[in-house]
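Reviewing the structure listed below.
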Amino acid sequence: MHILLVDDEALARSRLRTLLADAARADPALPPMVVEEAADGAQAWASLQAASFELVLLDIHMPGQGGLSLAARLRELPRAPALVFVTADSLHAVNAFELEALDYLTKPVRLGRLQVALGRLMRQRAALPPPSPGMLLIQDRGRTERVPLEEVLYFKAELKYLTVRTATHSYILDSALGELEARHGAQFLRIHRNALVARHALRALQKHHDPEEGEGWAVRLQGIEEPLAVSRRQLASVRAALREAADSV
């Protein structure tokens, strides 16, 4: 479980680290924790954009961007983490829950109270329905979207995430391309080291100039305008898939 501690006081961050370690020792059912720290809102936002976190423990009163302002920005993330406010000022509790915080802890934080918050997070995770074989569950701006697999036109690896593209939307999925290929290889075809495309959407193969790889080939898919590059290694399998599609018409 990837956790971000955000507090301008180093001693407060150190205490939370200790309490998290104590909670992990007390409850073997908790997943292993990877804990990072940020001393202000700007550092926290940079960390949140660079990596995926499941939980943010956030102080409200900090120099510069305060905790409530940072919390409101969490909705901009493709996969928003659960949020627990940690502060000495209980007057902000109403505002915190309006921002859909999982919990609100007052300083000095006690181990038992932190364990309650972690228990809520575990129950929230367990309550997410497992995806059906024909459905993807995607965390999108704090919501869980159910995307039918038959609507997906391609998966493309970009930085640490995958772009999931349908005819009308683009989503961000925290998964691995190889895992999706192993699970859905009957429906999706590898065309490049960074892309899988829906076999049913294949329409044409054409010459294509890639700024990085030079002259090559690309596929056209039904429902979208932009071509997707095909690697030389995958060219034969793409041609075979197009022949199969033509023969089945």
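The values are calculated or read from the model by the stated rules, or taken from the named source; none is laboratory data. The shown structure was predicted, so the numbers you read here are calculated from the model rather than taken from an experiment. Please note: Cβ atoms are built from the backbone with ideal geometry, for glycine as well, and neighbour counts cover all protein chains shown.
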Check on I172, touching an Asp or Glu at 6+ places or on another chain (Cβ under 6 Å) and either surrounded by 12 or more Cβ atoms within 10 Å (Cβ to Cβ) or of a type in the set (D, E, K, R) (or both): no
When you scan segment 214-237, do you find a residue that is farther than 19 Å from A167 by Cα, assigned to a loop (DSSP other than H, G, I, E, B) and of a type in the set (V, I, T), even just one? no
Can you name the number of the only condition in (1) outside any strand (DSSP E or B); (2) at pLDDT 90 or above; (3) more than 30 Å from L74 (Cβ to Cβ) that A167 fails? (3)
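For (1) under 30 Å from L83 (Cα atoms); (2) among the hydrophobic types (A, V, I, L, M, F, W, C), each residue gets a yes or a no:
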{"residue": "Y154", "(1), (2)": "no, no"}
{"residue": "S175", "(1), (2)": "yes, no"}
{"residue": "G178", "(1), (2)": "no, no"}
{"residue": "H184", "(1), (2)": "no, no"}
{"residue": "I191", "(1), (2)": "no, yes"}
{"residue": "G223", "(1), (2)": "no, no"}
{"residue": "R232", "(1), (2)": "no, no"}
I'm trying to understand the selection: among the residues of segment 33-49, which are within 16 Å of the chain's Cα centre (by Cα) and in contact (Cβ under 8 Å) with a residue 12 or more places away in the chain? W45, S47, L48, Q49
Tally, over segment 168-185, of residues that are touching a residue at least 12 places away in the same chain (Cβ under 8 Å), closer than 21 Å to A241 by Cα and among the small types (G, A, S): 0
Of all the residues that make up segment 186-213, how many are touching a residue at least 12 places away in the same chain (Cβ under 8 Å), over 28 Å from the mean Cα position of the chain (by Cα) and not in a strand (DSSP E or B)? 1
Please work out if A26 is without any contact (Cβ under 8 Å) to a residue 60 or more places away in the chain and more than 19 Å from A101 (Cα to Cα). no
Which one of L16, L30 is under 18 Å from L121 (Cα atoms), buried (at least 18 other Cβ atoms within 10 Å of the Cβ), more than 20 Å from the chain's Cα centre (by Cα) and not small (G, A, S)? L16
